[in-house]
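See below for the structure under consideration.
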Amino acid sequence: MRILQISPELDGGGVDRLLYDYSIRMRDQADIDFVVMSKTEGILEGPLAEHDFAIYHIPQMREDLAGHKKCLRDIIRKNKYDIVHDHRGYRGYFALKIADNEGVPVRIAHSHIASIPETAAQQAVRTLFTGLVKRRATNLFACGRLAASWMWGQRTLDNNGVRIMTNAIDTSKFAFDSKTRREVRDEFSLGDGLVVGNVARFADQKNHRYLIEIFNEMQKMDSRAKLVLVGRGEREDEMRSLVDDLGIHDKVLFLGVRDDVPRLLNAMDVFVMPSLYEGLPVTVVEAQANGLPVIASSTITDEVFFGGPSEQLDLGLSACEWARKAVEVGGSRRENGAFSVNPTLLEQYGIDQAAARQLAWYENVVKNCGH
């Protein structure tokens, strides 16, 4: 069984990590290749190459549409895939059209996002291409019900026309460990104050400006508080300038993209995520698997919460109100390994179980296509 996974990049983002975790668990039963549109090598490409996965870099659509389509056509034609699985939602139209024309029997369009702010013109474009994607895709996927409804339509979801592929994690890696907590805090000189964490790309969607404003209020309530930001992106320099302007540069750590997020979560006391929109953010699952309290915006689907001291707040509330709530829940204490054996967590979000389910689905759908 030959599968092509198509994603914008293979860096430290939630979707990127998701593809990595699923794929390495399928490598003995399937040949999986990747297509990415990034010009630079993401941090997950090296580990994937070590497992003998092929990774193709192609031009972005907005920079070279003709080259983008030609590269996709050449790759798909050469490798004769059974499945092309595109993770860009309606933006995967050209890949699915090419896959259809090249005779790929299983063509999947996958939505990982919901409720993007749009102009009327942007909504019209999305509506047009969503309809075109539905004609070319054999199957529609989403990370959760909100992402499914927003991208593919509530009627399609209600009629069982969308498969929900869980944003699963390796739960064993995220269990809280008090020794690791102290080691990380010592390594980054975090002290004994409240540590606020966030793992996200520096992009408008993630609302880092508001997060920093929230932390600015928090550090007024706890002068020892620190903010740990993991990720990189186009808004990073702007956020660094904001931190300098607020005079809190000695309390904010920009750690870049990291491959040790499970370890870093141990040092945090509260995970704050005021995103403008999301699909089903895997970082929120990871934080809860570590036992971390999560304060997230009400724009994030409640599917991602499975208990514990976590809350959703409206983005219309003041930064001070968010800060008070984050300080309040940040006082929770975790026990070693407490969440690693949570039956609900393992069944819903355990990567071994989820990867086995998804592999069985792939095998079944290919078999039914006569391959």
Item to check | Rotationally averaged projected area of the range 32-129 (alpha carbon convex hull; nm²) | outcome: 7.3
Item to check | Extreme residue, positive dipole direction of the chain, given options Gly233, Ala95, Leu48 (C-beta unit charges) | outcome: Ala95
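Starting from the range 99-176, pick out the chymotrypsin sites (Phe, Trp or Tyr not before Pro) whose DSSP state is loop and whose Cβ has at most 10 other Cβ atoms within 10 Å.
Working: sites: Phe129, Phe141, Trp150, Trp152, Phe174, Phe176; in loops: Phe176.
When the chymotrypsin sites (Phe, Trp or Tyr not before Pro) of the range 99-176 are filtered for loop state and at most 10 Cβ neighbours within 10 Å, nothing remains.
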Next on the checklist: Per residue, how large is the accessible surface of the range 102-213? Use a 1.4 angstrom probe and give square angstrom.
Outcome noted: 44
Checklist entry - Can you give the accessible area of Ile300 in Å² (nearest 10), computed on protein heavy atoms with a 1.4 Å probe? => result 0
Next on the checklist: Under the 0.36 nm per residue contour assumption, what length would be gained going from the current alpha-carbon distance of Gln29 and Glu363 to full extension?
Outcome noted: 119.3 nm
Item to check | Degrees separating the helix 208-221 axis from the principal Cα axis of the chain, which is the longest one | outcome: 20
Checklist outcome for this item: Connecting every pair of Cα atoms under 10 Å apart in the chain and solving the GNM, the largest mean-square fluctuation among Arg209, Arg91, Arg357 falls on Arg357
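Counting helices only, and only those DSSP H runs with n ≥ 4, report the 222 nm mean residue ellipticity of the chain as the sum of -39,500 (n - 2.57) divided by its residues, in deg cm²/dmol to the nearest 500.
Rounded to the nearest 500, it is -12500 deg cm²/dmol.
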Item to check | Top positive-direction residue, dipole computed over the chain with Cβ charges, set Met61, Cys320, Met221 | outcome: Met61
Checklist entry - Residue by residue, what Karplus-based ³J(HN,Hα) values in Hz, rounded to whole numbers, does the range 280-290 have, using 6.51, -1.76 and 1.60 with θ = phi - 60° and x for Gly and Pro? => result 9, x, 5, 5, 5, 5, 4, 4, 5, 4, 7
Item to check | Gaussian network model of the chain, springs between alpha carbon atoms under 10 Å - residue of Ser178, Ser149, Ser111 with greatest fluctuation | outcome: Ser178
Item to check | Long-range HN-HN contacts of Val195 with modeled amide H, under 5 Å | outcome: Lys226, Asp269, Val270
Checklist entry - Can you give the charge dipole size of the chain about its Cα centre, rounded to the nearest 20 debye, using +1 on the beta carbon of Lys and Arg and -1 on the beta carbon of Asp and Glu? => result 1140
Checklist entry - For the range 174-222, what % of the accessible area comes from carbon and sulfur atoms, probe 1.4 Å? => result 42
Checklist entry - Of the GluC sites (Glu not before Pro) in the range 170-279, which ones lie in a loop per DSSP and count no more than 16 other C-beta atoms within 10 Å? => result Glu234
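Suppose accessible area is computed on protein heavy atoms with a 1.4 Å probe; arrange Phe202, Phe94 from highest to lowest.
The residues order as Phe94, Phe202, largest area first.
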Item to check | Residues whose placed amide H lies under 5 Å from that of Leu253, excluding near-sequence neighbours | outcome: Leu227, Val228, Leu229
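Using a Förster radius of 51 Å, what is the FRET efficiency between Lys220 and Ile164 based on their Cβ-Cβ separation? Nearest 0.05, please.
Numbers: r = 42 Å, r/R0 = 0.82.
Working from the Cβ atoms, E equals 0.75.
If I stretch the segment between Phe254 and Asp204 completely, what's the gain in nm (0.36 nm per residue apart, minus their alpha carbon distance), one decimal?
Numbers: separation 50, 0.36 × 50 = 18.00 nm, distance 1.70 nm.
Stretched fully, the Phe254-Asp204 segment lengthens by 16.3 nm.
Given a 1.4 angstrom probe, what's the average accessible area per residue across the range 249-335, in square angstrom? Before the final figure, lay out each step's value.
Working: 2960 Å² over 87 residues.
Using a 1.4 Å probe on heavy atoms only, each residue of the range 249-335 averages 34 Å².
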Checklist entry - Pick from Thr301, Thr171, Thr40: which residue has the top mean-square fluctuation in a GNM of the chain where Cα pairs under 10 Å get a spring? => result Thr40
Next on the checklist: Cα atoms only: what Rg and Dmax, in Å, come out for the chain?
Outcome noted: 20.9, 65
Checklist entry - Taking amide hydrogens as modeled 1.01 Å from N in the peptide plane, which residues meet the under 5 Å criterion relative to Ser275, leaving out close sequence neighbours? => result Ser297
Item to check | Calculated from backbone phi, Karplus (6.51, -1.76, 1.60) coupling profile of the range 100-105 in Hz, x at Gly/Pro | outcome: 5, 5, 8, x, 5, x
Checklist entry - Just by accessible area at a 1.4 angstrom probe, what is the order of Lys78, Lys70 from largest to smallest? => result Lys78, Lys70
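Which of the pairs Lys179/Lys251; Lys179/Lys325; Lys39/Lys80; Lys39/Lys367; Lys173/Lys206; Lys70/Lys134 have their Cα atoms more than 29 Å apart in this structure?
On the way: Lys179/Lys251 23 Å; Lys179/Lys325 27 Å; Lys39/Lys80 25 Å; Lys39/Lys367 36 Å; Lys173/Lys206 25 Å; Lys70/Lys134 22 Å.
In this structure, Lys39/Lys367 lie more than 29 Å apart at Cα.
The values are calculated or read from the model by the stated rules, or taken from the named source; none is laboratory data. The structure presented is a predicted model; accordingly, all values stated were derived computationally and were not measured. A quick note on method: Cβ atoms are made from the backbone with ideal geometry, for glycine too, and the neighbour counts reach across all protein chains shown. Accessible surface areas use protein heavy atoms only, side chains included; no ligands, DNA or RNA. Shrake-Rupley method; radii C 1.70, N 1.55, O 1.52, S 1.80 Å.
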